[in-house]
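See structure below.
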Amino acid sequence: MIIRLSQIKSLERYKLRDKQRILAIALDEMPATRKVALRITKLTVLIPFFIALAYFEGWSLLPVLLLAGLSYPILTSPIEIMFAKPWFNKAVDKFDSEQT
């Protein structure tokens, strides 16, 4: 399973910001049904964090919110990459055409 954009062979020559832009283009290229499936998958991963937030109150909630905020991209990025993988070639072509 690919966890980071740097692990994708077709994106090796690009800088990090360019890789993120290509990922955004690939996510935009996905059909609507696939986007809905992506959002549902992300929600199922994040629901335990939301449930855990209900058990904390006062100042003890602050570290949990910080942890949830920091772990959000760590948990959701691999899911986005997995869903967008079939559209990376098209996104790279579109990105290259925008750059010239």
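In the range 47-72, which residues are among the small types (Gly, Ala, Ser) and either closer than 21 Å to ILE3 by Cβ or part of a helix (DSSP H, G or I) (or both)?
Listed by number, the residues that qualify are ALA52, GLY58, SER60, ALA68, GLY69, SER71.
Scanning the range 72-88 for residues that are in contact with a Leu (Cβ under 8 Å, 6 or more places away or on another chain) and free of Cβ contacts under 8 Å to residues at least 24 places away in the same chain returns no hits.
Applying the condition of being of a type in the set (Ser, Thr, Tyr) and open to solvent by less than 80 Å² (accessible area, probe 1.4 Å) to the range 44-92 and asking which residue is nearest to ARG21 (Cα to Cα) yields SER77. Taken over the range 1-20, the criterion of being farther than 13 Å from ASN89 by Cα and surrounded by 15 or more Cβ atoms within 10 Å (Cβ to Cβ) is satisfied by LEU5, TYR14, ASP18.
The values are calculated or read from the model by the stated rules, or taken from the named source; none is laboratory data. Bear in mind that the values here come from a model prediction, so they are computed numbers and not experimental data. Note that we place each Cβ from the backbone using ideal geometry, even for glycine, and neighbour counts take in every protein chain shown. Accessible surface is based on the protein model in full, side chains and every heavy atom, while ligands, DNA and RNA are left aside. Shrake-Rupley method; radii C 1.70, N 1.55, O 1.52, S 1.80 Å.
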